[in-house]
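Notes to accompany the following structure.
The values are calculated or read from the model by the stated rules, or taken from the named source; none is laboratory data. Since we're looking at a predicted model, the values are computed, not measured. Here the Cβ positions follow ideal geometry from the backbone for every residue, glycine too, while neighbour counts run over all protein chains shown. These accessible areas exclude ligands, DNA and RNA; they are computed on the full protein's heavy atoms, side chains included. Shrake-Rupley method; radii C 1.70, N 1.55, O 1.52, S 1.80 Å.
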Amino acid sequence: MIEIIPAIDIIDGKCVRLSQGDYNKKAVYSSTPEEMARRYADAGVSRIHVVDLDGAKAGKPCNLPSLERIASIGGLDVEWGGGVKNQQHLDDVFSAGAGHAIIGSLAVKEPDTMEEWLRRFGGERIILGADLRQGKVAVAGWMEDSPLSIHDLLDRFIPSGLKEVITTDISKDGMLQGPATQLYVDLASRYPDIVFTVSGGISSMDDIRMLNDKGLQRVIVGKAIYEGRISLEEITEFIKSEK
């Protein structure tokens, strides 16, 4: 069964959603990050995806108090991304309660460090975040494009123990127009030992059921929940039905 992972994006300690990674296209929601996390836990979700958008822009974690409050909620495994650029940042994120750190820009710019972290902490805790724009990996909160493809990164880091990858098609993110399904099917077929998380474009439970039917293992859902296209009750029913 595909695992549904709700997303919480944070700017200035508030829940927000961006469209296509554009900080100027920002919707701010009334619930605090910890309130949303508690609602997800009550719905039966076991993992949440939290992105420190301030951190992604600043190059250092900026919303660790929110992480501490989220991590204090029982029954939730937190994967955290945004601004992890050095060992101190990684230590701070883990100390604040994250179970997993998502590494994106650093994996592109300092691949030796990424390899070291994979060997030291393991592929269960260090997740590669590869966000794609026209087939190339974007970094720095999607504000910069690199010349690398996702295959370049996977082929480099798998020998060091990479196990989990979150891939976002930026053109789909926040648009509620459906995911880039074929991208994930092709990646899962080419790299069967890697767990790929679908990210971007989820608009309804039908999208999730379709991904489940394709054999994909994880999916991040963000804006569709905040916009009321997917209810927490539907997520609960899906989790119960697939057990």
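Ile70 fulfils the conditions (1) open to solvent by less than 20 Å² (accessible area, probe 1.4 Å); (2) in a helix (DSSP H, G or I); (3) modelled with pLDDT under 95 except for a single criterion, (3).
Under the condition of being open to solvent by less than 20 Å² (accessible area, probe 1.4 Å) and of a type outside the set (A, V, I, L, M), which residue from segment 21-42 is nearest to Arg218 (Cα to Cα)? Only one residue fits best here, namely Tyr40.
Restricting segment 105-136 to residues that are in contact (Cβ under 8 Å) with a residue 24 or more places away in the chain and assigned to a strand (DSSP E or B) leaves a set whose member that is surrounded by the fewest Cβ atoms within 10 Å (Cβ to Cβ) is Arg133.
On the stretch given as segment 195-206, residues that are among the hydrophobic types (A, V, I, L, M, F, W, C) and either assigned to a loop (DSSP other than H, G, I, E, B) or open to solvent by 10 Å² or more (accessible area, probe 1.4 Å) (or both) total 2. Scanning segment 168-185 for residues that are in a helix (DSSP H, G or I) and open to solvent by 10 Å² or more (accessible area, probe 1.4 Å), which turns out nearest to Arg133 (Cα to Cα)? Ranking the candidates gives Leu183 first.
Report, by residue number, each residue of segment 87-104 that is out of contact with any helix residue (DSSP H, G or I) (no Cβ under 9 Å at 6 or more places or on another chain) and either in a helix (DSSP H, G or I) or surrounded by fewer than 19 Cβ atoms within 10 Å (Cβ to Cβ) (or both). Of everything in segment 87-104, those that are out of contact with any helix residue (DSSP H, G or I) (no Cβ under 9 Å at 6 or more places or on another chain) and either in a helix (DSSP H, G or I) or surrounded by fewer than 19 Cβ atoms within 10 Å (Cβ to Cβ) (or both) turn out to be Gln88, Asp91. Ala188 falls short on exactly one of the conditions (1) in contact with a Leu (Cβ under 7 Å, 6 or more places away or on another chain); (2) closer than 17 Å to Val51 by Cβ; (3) open to solvent by 20 Å² or more (accessible area, probe 1.4 Å); (4) at pLDDT 95 or above, and that condition is (2). When Arg209 is tested against (1) open to solvent by 50 Å² or more (accessible area, probe 1.4 Å); (2) in a loop (DSSP other than H, G, I, E, B), just one condition goes unmet, and that condition is (2). When we screen Val45, Val84, Val50 for residues that are touching a residue at least 40 places away in the same chain (Cβ under 8 Å), assigned to a loop (DSSP other than H, G, I, E, B) and open to solvent by less than 30 Å² (accessible area, probe 1.4 Å), the only hit is Val45.
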